[in-house]
Amino acid sequence: MIRSKRLAAAIAALLAAPWLVCRIAGGQTKPQSAQTKPNSPAQTTIKTQVRQVLFDVVVTDGKNNPVAGLKREDFSITEDGALQQILSFEAHTSVGESADHAAPPIDLSKLPANTFLNINHAREDLPLNVILFDVLNTPISDTYLARRDIKKFLMNKPSGSRFAIFILSDKLHLLQGVTDSEAELLAAMDSRAASPQTTAQGVPNSRTVSPATALGDSGLMPSYAGAQEMLARMKHLEALGDTYHLQRRLGTTVDAFEEISRFLRGMPGRKNLLWLSGSFPVGVLPGGDPIDPFSRAVDYSPELKQAADLLTLNQVAVYPVDIRGLMANPIYDASDNRTYTASSLESDRKQFWLQLVGDHDTMDQLAEFTGGHAFYETNGFEQALRMAAEDGSNYYSLSYSPSNTKFDGRLRKIHVNVARKGMHLSYRRNYFADDDSTLTLRAANAPLEKRDAAMERGAPPSHELLFSVHAKTVGFPADVTPEQIRDLSEFTPFAKFNKWDSVKMQKYELEYALLRKQVTYLITPDGLRHAALEFLYSAYDRDSNLLISGTWNGDPTISPQDLEQARTGMFRAMQTVEIPANTSWLRIGVRDAVDARIGSLEIPLPLRTE
């Protein structure tokens, strides 16, 4: 319990210690870089670069139970057939975890009203799970039972496990941010936003018969050439419409994967994406064979490569779950009163199996590429969810440095063996060997991506820097000013806005406190210690749309005479923000720009009455 005691002591210090005051004026300003340089002699630095491929392996036995107790020497790795040396190995298990990982016993209900701490009681040593409830690619008739089964699963979810819930309709919506609270997760699934809705580009019901097909089967269509040509044209136009809607669905689905990848970036460890859908229209993935039962003329490879690469880079394993369960051809359904001709019956049989095989192949490819597992042809929906969550809580992390040092962006294939018989392994099978320029750009962007991830709506609180904040509403909503209109216009919800009379702005005061000994200082020749703290905020509406964001800088300079006090004292800052009055979530953060450490938390609005 050492970790818990230290964290509890730090929190107690935040709430009780005397504070040193530094006030920051409110205003829409951009962050400024620290201009100070450390007081250190010139040194010759020798830099070496070692590339590592990091991935997770889930090992299960013949009954699909996790296999624990494996050692480094039990594994072997090859890349494109060449044996690789394992550099690191770590076993993760949800069984018998040490109490040292338990959340600190801090009762947040005893904090003063509207005072918040960026701590998290959830089990951060366990993988983070994301449920994607995909109603875009699911017939409306299948979504109600799926919603019921999701709720049943959440009521019995693994203890301590963290979940976030997204719903995909015409676009991606965040229903619930990361939490281990069963009550919050169930409330999200009971909300109106989780109610299945038909969408303009949704997948049609399997029993839907097109006008051209119905006309051809009716026997009313004349058999002469001109009539049959007209019927063929009708079918062609309908096929073009189906392809158009498929492309829209595919584009929206790929965008959702990329958005979820961005949501999860910067969060350490393995993440599991449980994709619950009634159709899987992806078609082709890197390293797989092109399969598109709807239209082979469309090539989605670049978009899918980027989406799949983002998932693997962010250690996201995808678990596709077919919520339709056991599938039977609808032509044999007792409720189907359609009259078939011999040719239409054979055509429907072929189309049904072609689409089903395509769906399952897509599920298998995506799961294999990212290290997950696909579930289909089963009515054990709740069991599939539980197995996916359990797989993601019991795994092994391995890394190696590729023996092939030619990095040209090409796809490389990974193969892992375990020196035991009857084992099944799930892990990502491929990666892209990006060149030096791509890696350099990625490394340069890493601190900014980490900052953006910490400020994402619904993300768990970041606590590299521990702080407390007291929020206070100031006055009443006021009309938007011309300067505020210019600032708001930079954000998507207001980009094409022209009815500014309806926009009101609300002012808030945010009073921060953080331990000075957490801060990294740069020492100038005069002996002064300069810190570069950034105070960030992002305002989101009820649909998690970013309304406005901003940054203020603080430089808590410390003289040599004040050094001892700084080691034990607190830094306090007052920030004033003005945000749209319809803000539902205020995300705030404190970032140390010297070493890129950050702390963040999320405040639900409106505030409680004090």
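Every number in this text was worked out from the coordinates using simple rules, so none of it is lab data. Just so it is clear, the model here is predicted, and its values are computed rather than measured. Cβ: placed from backbone, ideal geometry, glycine included. Neighbour counts: every protein chain shown.
Label Leu83 and Lys472 with points 7 Å out from Cα along Cα→Cβ: what is the distance between them in nm?
6.9
On each of the three principal axes of the Cα atoms of the stretch 389-489, give max minus min coordinate, whole Å, ordered largest first.
Over the stretch 389-489, Cα extents along the principal axes are 69, 37, 24 Å.
Between Asn64 and Ile140, take the C-beta separation as r, use R0 = 25 Å, and let me know the FRET efficiency to the nearest 0.05.
Once rounded, the FRET efficiency stands at 0.20.
Taking 30 Å as R0, compute the FRET efficiency from the Cβ-Cβ separation of Lys151 and Thr576 and round it to 0.05.
E(calc), rounded to 0.05, equals 0.10.
In whole Hz, with x marking every Gly and Pro, tabulate ³J(HN,Hα) for the stretch 465-471 from phi via Karplus 6.51 cos²θ - 1.76 cosθ + 1.60, θ = phi - 60°.
Once rounded to whole Hz, the list reads 10, 8, 8, 10, 9, 10, 9.
Fewest first, what order do Arg123, Arg591 take by the number of other Cβ atoms within 10 Å?
With the fewest neighbours first, Arg123, Arg591 line up as Arg123, Arg591.
Can you tell me the FRET efficiency between Arg192 and Glu90 if r is taken as the Cβ-Cβ distance and R0 is 56 Å, rounded to the nearest 0.05? Walk me through the numbers before you get to the answer.
Working: r = 43 Å, r/R0 = 0.76.
The computed FRET efficiency comes out at 0.85.
In this model, which of Lys63/Lys421; Lys71/Lys406; Lys271/Lys413; Lys450/Lys472; Lys110/Lys472 are farther than 20 Å apart at the alpha-carbon?
Lys71/Lys406; Lys271/Lys413; Lys450/Lys472
For a label point 7 angstrom out from the Cα of Arg262 toward its Cβ, which stretches of the stretch 477-509 have the backbone nitrogen within less than 18 Å?
489-496
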